[in-house]
Structure formats: C-alpha cells, structure tokens
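A short worksheet on the structure shown next.
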Amino acid sequence: MALTNDSQAAALHATPYGTLPPASPMPSRKPISLPRLLEMRLRGEKITMLTAYDATFAAVADAAGVESILVGDSLGMVCQGLHSTVGVSLEHMRYHTEMVSRGLRRAQGTAWLIGDLPFASYQESREQAMRSAAVLMQAGAHMVKLEGGGWTTETVHFLVERGIPVCAHLGLTPQTVHSLGGYRVQGKTQASADTLKKEARALQDAGASMLVLEMVPAPLATELTTELTQCATIGIGAGKGTAGQVLVMHDMLGLNLGKNPKFVRNFMDDAPSIRGAFEAYVAAVKGGQFPDDLVHAW
C-alpha cells in the first residue's frame, strides 16, 4: 500500500549521518542490477556493499538499503575461526551463497549478490574458474569475485565472454597474504603503484565491471576511480574517493575477535540495533562521512 505524504514523512527517521526511511522486510526499491550499479558510479552516487554469510543478516542488510552483498571468503575467519581465507573451500562458498540467496528471496530482497571464488578454485585454469563460477552462480550469486591482476586478466575475459559478471580485487589480496608479507598497504612505491594501475586497466579492458581496492593509498584509489570509467571501484581501506565502499559485517558491528583494522568503524556504537547500524553505514557512505581519510585511509 502506498504511503501518503504525511505517513511518508512520519516514516522517515534520523541517523547520525542523515535521514533514511526505516528498514522493512518488504522491497522499497527496484532490484539492483549491474547496469544500475554502473549508472550510480557515473552519476557519482556512492555504492554500498557489506559482507553477509547467512539468510537473516543478508535480508536485514538488504532492507537497510545496502545495494550489494558480498558472500566473502572472509567467512573463514569470522565464521570458521581460521587464521586466513586460504582454508575456505568452494563447497563452503556454495553453502553460504545458497543461504544468503534464500534469505534475499524470502524477504523479497533486491540487493546485488556477489560470491567469492575461494583460493585454489580458479588458479589452475580458465576452465577451472568457469566450473567454480558456475557453482556459485547456480547457488544464487549474480556475480563472482576473484583476486589478483596480471594472469587473472585472461580468466576474467574468459568468464565475462561466457556471461558471468566479474568483480576483480587488487591491492591487499588476502588469499595471497603470505606472499605479500602480511596485511600491508599495497601501491605505496611508484613502481608498485604503476603495476597496480596497469593491472586495473587490463582488468577493466577484460570486462571486469567492479573492482575492490583493498588497503591502497587514498590518492591512488581516487586516481584509478577517475580513470576506470567502465568499472566501479569499491574501496576497503582505500579512502573515500572510490565509487563505493565495502566492510566485513562483523567488523562494522564491533564483533571482530581480534583487533579491528584501521579502516573499520564500529557502527554499533551509536545504533539502537543491528538494522540501525546497517542504516547508519549506508547513510555515512552516501553522505561522504565514511570513510574519513584522516582516520581510515593511508
């Protein structure tokens, strides 16, 4: 039933970052599509993304206005208690992607759903990547994400050519954290920044339509966002100049079992509920209050 003007005004409520309509289990927006996400990027509207690993949290995040939900292999650390994402299997990812997809369908959700291709599920060959991507797409994902540049460009092209949307991931790539020497900022030197820019352009040319930039200096992330006109950059520890932001849900709710990374803000601090924290995150990203480059970026 449509709201009257008076009831619409009454339904709106304030957050510390602006005024948003209350979350509802019923859809209040058209389904988020890839063209719509790219339109947001072109008109300068920030894209919001959060991780989710089960039906309930996915439905709540969707109702709070989050445009894209990532079933991240970070589940290995926040759900399984692993020390890294390397131990996460394709079967784990299929299981959690199915749960999130069911939650969105049951709540008539509209969010864009991305599934992480885990370690060793795409490195062997393009054909292996295709088989693994098919598993996640059949589980309900709208897009798959893979890490790294250079050799992955051919894989991205292979998948996109066969109708599978791809989100790339550069900067700190957790699946290869051991070869990077730990959780360190990437692209700090001129040489490494040049390599990252070259890889980003190649991934866009190969057909990647989204690109996660993790722990990359804010000026470099902003520069890439300006250059990549056909690919929406999603930052995590990469400053406010990206086309959108993503956080691990447990981190932004203050549920991290260890020390929160510098780029995280605990949105539960001023929120009355988890739903309220999600809404505050959406408002802060949309309004440009999060991230704060002086606090959350390099």
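Observations on the model:
- Normalising by residue count, the chain has a Cα convex hull of 122 Å³ per residue.
- Of the trypsin sites (Lys or Arg not before Pro) in the range 122-204, the ones in a loop by DSSP (not H, G, I, E or B) with at most 11 other beta carbons within 10 Å are R162, R184.
- 32 Å Cα-Cα threshold exceeded, pairs from K30/K197; K30/K262; K30/K188; K197/K259; K46/K197: K30/K197; K30/K262; K30/K188
- Each label point was placed 7 Å from the Cα along the Cα-to-Cβ direction; for D54 and K30 their separation is 3.4 nm.
- Protection proxy ranking of 284-297, 59-72 - average other beta-carbon atoms within 10 Å, highest first: 59-72, 284-297
Throughout, read-outs are computed from the coordinates displayed, never taken from laboratory work. Since the model is a prediction, treat every value here as computed from it, not as a measurement. Cβ: placed from backbone, ideal geometry, glycine included. Neighbour counts: every protein chain shown.
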